[in-house]
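Read through the structure below, which is laid out as structure tokens, and then see the notes.
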Amino acid sequence: GNSVTQMEGPVTLSEEAFLTINCTYTATGYPSLFWYVQYPGEGLQLLLKATKADDKGSNKGFEATYRKETTSFHLEKGSVQVSDSAVYFCALRPNTGGFKTIFGAGTRLFVKA
Amino acid sequence: DSGVTQTPKHLITATGQRVTLRCSPRSGDLSVYWYQQSLDQGLQFLIHYYNGEERAKGNILERFSAQQFPDLHSELNLSSLELGDSALYFCASSSRGLDEQYFGPGTRLTVT
């Protein structure tokens, strides 16, 4: 079946550090891939997406590349800020069989000043 | 602001009671999804409606039910509430042909 696995948190970084949050998936065909972010006390917001292999999604300094060969969609940011502290969810939407979006467990990021 | 609204924002009730959570999707979105988020279970998909019809069911208990009305708003009904039902309940909507979902701010349910 379809599934998403992302690295366990929490991840604690100092401001201006480099961020990587790993995400791997299992799916048939070519799903669409997403990163959502949830700030404290709020709902999830779409951060970026990619819909085909080798696509790079980017937004607010975050990037992720759809790697079909390694079934991965790792989230990266070159220099994190305190305001990036949030929970990050990797997700996939299959292109067959009902189109239900599958979310990972979420990774909590703390950024220290 | 995602354009998805949910009411109420907070709800405190007792075990055995019944509550209704309401969601209004973004203007023009036909799909509505309900999720439950608890500390130990993460984000759990409950149910998906498209233009008034149920399209997919996830880990939704028999005590829970939902519907989507002709004006496209949706309601999630939770009955015979238990302490373990305490959680954040999110509604999301999406547009036909787009992959991403837009989430509301959630309803925090506390069962005492």
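The values are calculated or read from the model by the stated rules, or taken from the named source; none is laboratory data. Fair warning: this is a prediction, and the values are worked out from it, not measured in the lab. Every residue, glycine as well, gets a Cβ built from its backbone with ideal geometry; the counts of neighbours run over all protein chains shown.
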Of (1) surrounded by 15 or more Cβ atoms within 10 Å (Cβ to Cβ); (2) within 14 Å of chain B (Cβ to nearest Cβ), A:LEU13 fails just (2)
For B:SER95, the lone unmet condition from (1) over 11 Å from the mean Cα position of the chain (by Cα); (2) of a type in the set (S, T, N, Q); (3) surrounded by 13 or more Cβ atoms within 10 Å (Cβ to Cβ); (4) within 13 Å of B:TRP34 (Cβ to Cβ) is (4)
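Only one residue in A:VAL111, A:VAL37 is touching a helix residue (DSSP H, G or I) at 6+ places or on another chain (Cβ under 6 Å), crowded, with 17+ Cβ neighbours inside 10 Å and modelled with pLDDT of 95 or more, so which one is that? Explain how you work it out, then say what you get.
On the way: A:VAL37 fails: touching a helix residue (DSSP H, G or I) at 6+ places or on another chain (Cβ under 6 Å).
From the options A:VAL111, A:VAL37, the qualifying one is A:VAL111.
Step by step: first the residues of region A:47-94, then only those that are within 13 Å of another protein chain (Cβ to nearest Cβ) and small (Gly, Ala, Ser), then the one that is nearest to the chain's Cα centre (by Cα). Which residue is that? Break it down stepwise before answering.
Narrowing region A:47-94 to residues within 13 Å of another protein chain (Cβ to nearest Cβ): A:47-52, A:55, A:57, A:59, A:66, A:87-94.
This time we only want the ones that are small (Gly, Ala, Ser), so: A:50, A:57, A:91.
Details: A:ALA50: 11, A:GLY57: 10, A:ALA91: 7 Å.
Among those that are within 13 Å of another protein chain (Cβ to nearest Cβ) and small (Gly, Ala, Ser), it is A:ALA91.
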Within region B:42-58, the residues that are facing another protein chain (nearest Cβ under 9 Å) and either at positive phi or not in a strand (DSSP E or B) (or both) are B:GLY42, B:GLY58
Taking region A:88-105 and the residues there that are at pLDDT 95 or above and in contact with a Gly (Cβ under 6 Å, 6 or more places away or on another chain), the one that is surrounded by the most Cβ atoms within 10 Å (Cβ to Cβ) would be A:CYS90
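What about B:ILE60, is it buried (at least 19 other Cβ atoms within 10 Å of the Cβ) and either of a type in the set (Asp, Glu) or free of Cβ contacts under 8 Å to residues at least 40 places away in the same chain (or both)?
Values: buried (at least 19 other Cβ atoms within 10 Å of the Cβ): no; either of a type in the set (Asp, Glu) or free of Cβ contacts under 8 Å to residues at least 40 places away in the same chain (or both): yes.
It is false that B:ILE60 is buried (at least 19 other Cβ atoms within 10 Å of the Cβ) and either of a type in the set (Asp, Glu) or free of Cβ contacts under 8 Å to residues at least 40 places away in the same chain (or both).
Let me confirm something: among A:ASN22, A:ASN59, A:ASN95, which residue is polar (S, T, N, Q), closer than 25 Å to B:GLY106 by Cβ and touching a strand residue (DSSP E or B) at 6+ places or on another chain (Cβ under 9 Å)?
On the way: A:ASN22 fails: closer than 25 Å to B:GLY106 by Cβ; A:ASN95 fails: closer than 25 Å to B:GLY106 by Cβ.
When all the criteria are applied, what remains is A:ASN59.
Being in a loop (DSSP other than H, G, I, E, B) and over 14 Å from A:THR107 (Cα atoms) is the filter here; which residues of region A:74-91 pass it? Write out each step before concluding.
Filtering region A:74-91 for residues in a loop (DSSP other than H, G, I, E, B) gives A:74, A:78-81, A:85.
Listed by number, the residues that qualify are A:GLY78, A:SER79, A:VAL80, A:GLN81.
Among residues belonging to region B:63-88 that are assigned to a loop (DSSP other than H, G, I, E, B) and without any contact (Cβ under 8 Å) to a residue 24 or more places away in the chain, point out the one that is farthest from B:GLY106 (Cα to Cα). Even if it seems obvious, please write down each step before you answer.
From region B:63-88, those assigned to a loop (DSSP other than H, G, I, E, B) are B:63, B:69-73, B:79-82, B:86; that's our starting set.
When the remaining residues are screened for being without any contact (Cβ under 8 Å) to a residue 24 or more places away in the chain, the result is B:63, B:69-71.
Values: B:ARG63: 20, B:PHE69: 19, B:PRO70: 22, B:ASP71: 20 Å.
Going through the qualifying residues, I end up with B:PRO70.
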